[in-house]
Amino acid sequence: MSTTDLAPTIVCHKCHALNRVPTGRGLSAGKCGKCGASLATSDPVDIDGAMLNRLKSKDTGAFIIDVWAPWCGPCRMMASSYAQTAAQMRDRVRFFKLNSDDHQDAAASLGLRGVPTLIAWNHGHETGHQAGAQMGSQLTSWVSQVIGPN
């Protein structure tokens, strides 16, 4: 049995508890067993280095991290498309944001060459890395491509 056949382990973005969501059920149906928060991210969630490490080491669900900076024009331009894509894909993928200025060590651990950078994980592995701003259908297509069918 491969890791893709198992119910994914989802880290709650509120309390960092580990949860299982049965395969085939949307994330919106899942609630954290510890704090009761929805496991879906209808809006992108700001994370810090500790949450990034927890996601990378424990989470086997699908998620995207937007590494950005407040001074970055393309980052600010992409923000609304990123939020729209998060709302659109909330049952399949979780969306996070990491401020590279506030969390420099965490951002440096990702091997970035610039911001914005999108990084995708699924089944416990990095599945995509995209530098530069992505907008609208281009962003949605990229997410679908790197996450694959769920």
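FYI, it's all coordinate maths here, none of it is from the lab. Note that the structure is a prediction, hence the values are computed from the model and not measured. Cβ: placed from backbone, ideal geometry, glycine included. Neighbour counts: every protein chain shown.
Data table
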{"read-out": "Correct choice for P(r) over Cα pairs in 10 Å bins from 0, in percent that was computed from the model, options [x] 11, 32, 28, 13, 7, 5, 3, 2, 0; [y] 12, 45, 35, 8, 0; [z] 11, 41, 30, 15, 3, 0", "value": "[y]"}
{"read-out": "Summed side-chain charge close to Lys31 - residues other than Lys31 whose Cβ falls under 13 Å, Lys, Arg +1, Asp, Glu -1", "value": "+4"}
{"read-out": "Neighbourhood charge, 12 Å Cβ-Cβ cut-off, centred on Trp68 and excluding it, Lys, Arg +1 and Asp, Glu -1", "value": "-2"}
{"read-out": "Aspartates and glutamates whose Cα lies under 16 Å from that of Lys56, excluding same-chain neighbours fewer than 8 positions away", "value": "Asp46, Asp48, Asp66, Asp105, Glu126"}
{"read-out": "Coil-residue chymotrypsin sites (Phe, Trp or Tyr not before Pro) of the stretch 38-92, DSSP, other Cβ within 10 Å capped at 15", "value": "Trp71"}
